[in-house]
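Visitor: Here it is, the structure in full.
Derivation of every value follows stated rules applied to the coordinates shown; laboratory data play no part. On a predicted model such as this, the values are computed, not experimentally measured, just so you know. Quick reminder, even Gly has a Cβ in these numbers, built from the backbone with ideal geometry, and neighbours come from all protein chains shown.
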Amino acid sequence: MSSSHDPAPAAQTTPQPPAMGLEWRNGFADLGPAFHTRLRPTPLPSPYWIGRSERVAREFGLAADWFASAEALEVLTGNAGLPGGDALASVYSGHQFGVWAGQLGDGRAILLGETAQGLELQLKGAGRTPYSRGGDGRAVLRSSIREFLCSEAMHGLGIPTTRALSATGSDRGVQRETLETAAVVARVAPSFIRFGHFEHFAANQMDDELRTLADYVIDRYYPACRHTERFGGNAYAALLEAVSERTAALLARWQAVGFCHGVMNTDNMSILGLTIDYGPFQFLDGFDPRHICNHSDTNGRYAYNQQPNVAYWNLYALGQALLPLIGEQEVAVAALESYRSVFPREFEGRMRAKLGLADAREGDRLLIDDVLKLLAAERTDWTIFWRRLSHAVRSGDFAPVTDLFIDRTGIDAWLPRLADRLGGTQDAVAGETMLRTNPKFVLRNHLGQQAIEAAQRKDFSGVATLLNLLETPFDEHAGHDAYAGFPPDWASTIEISCSS
């Protein structure tokens, strides 16, 4: 294996156009040199496929024959360029674990271009950039597999997210806690702009650039903000409110499915309300509201039950960054207020759907709170409980649900309350609704770890199997029940940190 450090990337050159079947542009590149540095990815030797998402390729508009080609492997590893692409790494700043970290930026991600339909293609792990802060600019096999699979798992669950087109690997050595091998994830999103982009220009008192960025985001992604009557027609306050509401809806979806992000720094928060930057994430096994999935998070800042509050904290930081444009602190605070109403409304709506409830009634909040207390008391498996409950409502056999509890007193008292609340609803109809809301499959840590260990032996079948299951996680997928079972005892020993 060669050295873990690649040479500094060379200046941008005109690439040979591959036959991708797409026209390319890059709207972000037009913002000006204060926003980015143009450079091309640093090649990796002898790349190979780890995983490919045919679904994302179709949605992205890639020609099927090109996506199956050796040329695609080279392009999506960063060894060849795009026709009409304008590769760049962007600069941003941010708060990390609640502390101002100063200038950050795309330290290992390079934006290749944007399709005419407005989807951006970015390579994560594509080599050093001016924002690498001494790092090697690379990603490793284990974290790349996790991001590739989780991006598509979240989409399958109906949660807004960046997408993963492919993951490629190379035997080039990358030094982390141990010597690992390099990998690159090709990510797709309408935009990769983060809260931290705004914080960067605000912190450096670059108000003209701050306005340019805000205008770009409004005109491209939030045009209704230009025509609002709220906040006296202040488009920038309207932007903050719109982002707050999207973020609130996103966090409600995370909490309902039991997803822990693990590192909700402001530079990891999407201005479009997408789940972005899959590092030390985890789907809950046993339900513990205080669960910390990030081994590096020693103070529990990003514990599962803290995520909604942290999101608001991050939005407040965004509001501070936008203050030079909004003008008045009171207006910015008012623009944030919708988060406090949207999150609980969205969360309760998600939880009612998990219970098969077609409408909102007084007493639903207590019904939800009480079952969450029961689950927390015994650390009942989150995903299995909700899936079994769905089948039980449909069939009328609740024994598999009560079997999940050592002390059945509480669940035996709660289930008749649910039945009473469902009164008048055909059980089969409610059960089917629940089965389309409560997934059978999520990307548990141990499943990802098994796929990673096989991939380290150049066996990528586990990645392909998981991708197939996670793309449609509400389907039964006969013959794959083991992937929906309880985690083995060793799963609790898996430690996921910020290292990748």
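Visitor: Which angle between 0 and 90 degrees, to the nearest 10, do you get for helix 141-156 versus the longest principal axis of the chain when only C-alpha atoms count?
Guide: 60 degrees
Visitor: To the nearest 20 debye, what is the magnitude of the charge dipole of the range 284-346 about its Cα centre, counting +1 on the Cβ of each Lys and Arg and -1 on the Cβ of each Asp and Glu?
Guide: Using Cβ point charges on Lys, Arg, Asp and Glu, the range 284-346 gives about 60 debye.
Visitor: A further question on this structure: Would you mind checking the tilt of helix 364-378 against the longest principal axis of the Cα atoms of the chain, expressed as 0 to 90 degrees and rounded to 10?
Guide: The angle comes out near 80 degrees.
Visitor: Could I ask something else about it? Under the classification rounded if a/c is under 1.5, otherwise prolate if a/b is larger than b/c and oblate if not, where does the range 196-349 fall, given a ≥ b ≥ c as square roots of the Cα gyration tensor eigenvalues?
Guide: Here the range 196-349 falls in the prolate category.
Visitor: Students often check this: by mean Cβ neighbours within 10 Å, which of 237-243, 385-391 ranks highest, and how do the rest follow?
Guide: 237-243, 385-391
Visitor: Between the range 232-298 and the range 386-439, how many Å separate their Cα centres?
Guide: Spelled out, the Cα-based centre of one part sits 29 Å from the other.
Visitor: Which of the three applies to the range 94-149, rounded, prolate or oblate, going by the alpha-carbon gyration tensor with a ≥ b ≥ c and a/c under 1.5 meaning rounded?
Guide: prolate
Visitor: Rounded, prolate or oblate: which fits the range 357-435 when a ≥ b ≥ c are the square roots of the eigenvalues of the alpha-carbon gyration tensor, with rounded for a/c under 1.5 and prolate only if a/b beats b/c?
Guide: Judged from the Cα gyration tensor, the range 357-435 comes out oblate (a/c at least 1.5, b/c at or above a/b).
Visitor: With +1 assigned to the C-beta of every Lys and Arg and -1 to the C-beta of every Asp and Glu, and no other charges, what is the dipole magnitude of the chain about the Cα centre in debye, to the nearest 20?
Guide: The dipole of the chain has a size of about 320 debye.
Visitor: Can you tell which of 318, 284, 411 lies farthest toward the positive end of the dipole of the range 282-430, using +1 and -1 charges on the Cβ of basic and acidic side chains (Lys, Arg; Asp, Glu)?
Guide: Farthest towards the positive end: 284.
Visitor: For the chain, take the longest principal axis of its alpha carbons; what is the angle in degrees between that and the long axis of helix 445-455, to the nearest 10 within 0 to 90?
Guide: So the helix axis and the longest Cα principal axis differ by about 40 degrees.
Visitor: Using Cα pairs closer than 8 Å and at least 6 residues apart in sequence, work out the relative contact order for the chain, in percent.
Guide: Relative contact order here is 14 percent.
Visitor: Same structure again: Of 328, 177, 209, how do they rank once you tally other Cβ atoms within 10 Å and put the fewest first?
Guide: 177, 328, 209
Visitor: Then there is this: Take 343, 198, 231 and order them by how many other Cβ atoms sit within 10 Å, fewest up front.
Guide: 231, 343, 198
Visitor: Here is a further query. Give the relative contact order (percent, whole number) for the range 357-435; include only Cα pairs under 8 Å separated by 6+ residues.
Guide: Reported relative contact order: 40 percent.
Visitor: Per the chain: cysteines with no other Cys C-beta under 4.7 angstrom?
Guide: Isolated Cys, the chain: 150, 225, 498.
Visitor: Express the relative contact order of the range 112-158 as a whole percentage, based on alpha carbon pairs under 8 Å and six or more residues apart in sequence.
Guide: 22 percent
Visitor: Place a +1 charge on the Cβ of each Lys and Arg in the range 196-349 and a -1 charge on the Cβ of each Asp and Glu, then give the dipole magnitude about the Cα centre in debye, rounded to the nearest 20.
Guide: 320 debye
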